[in-house]
Amino acid sequence: MKKGLVVLSAFLLVAAFVPRPAAAAVDFGLKGGLALSNLTWTGGGPAESYDNVQKPVFGAFVAFNLSPMFAVQPEVYYWTGGASAEETDGTDTYKMELLFNYIHVPVLAKFRFGTGQLKPILFAGPAVSFLTTATEKMYFNGVLEDEMDVKPFLKGTDFSAVFGTGLEYAMNKITLILDVRYNLGLTNINLKGEETSIKNKAWMFMLGIGF
């Protein structure tokens, strides 16, 4: 978490001093919301699918507006990937959580539509995520029984594709933003086994404010 806050603070500091060329207005802002993360297993993964992990996602962005309708938008977020599974035996409940914390950095091409204050948007682009911590947690009847560091079993870098849609509402000096996006992992993050492929995937629902 501390590493994530340091990176976000550095990003905002750089954004504040980005030169604003005459041909392209530069905006920056903050976003936050909820990520529903899961894992895709192939070649020897679990017989049943895991459940989503629901965790906050938050970060910042810089939009280089090359025209009123098009922008290139680098972003940085603190995001938790992973998955969970729960099993009930009589009155007892067992739960396992895999939590992979990333600094997630998309670079998006963003298209705006319409001419009014409220504009629909579409965006897509590549992303790279840097693993900060990874744990496996075991719960018995809601009580944490065991926790293990699984970072040594995972690759430190994950490449993905991001695409989504949303709305921007321009006010006097700020813009309110709603976006929904899907992060499709392209990297097998399983470091120790070639037979089993593990890839991240996540839906992210975010609200933001641009300046």
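Dipole magnitude for the chain: computed about the Cα centre from +1 point charges on Lys and Arg Cβ and -1 point charges on Asp and Glu Cβ, it is near 1320 debye.
Ranking ILE198, ILE209, GLY142 by Cα position along the charge dipole of region 2-210, where only Lys, Arg, Asp and Glu carry charges on their C-beta atoms, puts ILE209 farthest toward the positive end. Checking the table LYS95/LYS199; LYS95/LYS201; LYS31/LYS119; LYS110/LYS155 against a 27 Å threshold on Cα-Cα, which pairs fail? The pairs that break the limit, which is 27 Å between Cα atoms, are LYS110/LYS155. Positive-end ranking of THR133, THR93, PRO106 along the dipole of the chain, with charges on Cβ about the Cα centre, is headed by PRO106. The region of the chain that goes longest without hitting one of the trypsin sites (Lys or Arg not before Pro) in a DSSP loop, each with at most 16 other Cβ atoms within 10 Å, is 1-154. The long axis of helix 2-16 is offset from the longest Cα principal axis of the chain by roughly 10 degrees.
Every number in this text was worked out from the coordinates using simple rules, so none of it is lab data. All values derive from a computational prediction rather than experimental measurement. Here Cβ is always computed from backbone atoms with ideal geometry, including for glycine, and neighbour counts include all displayed protein chains.
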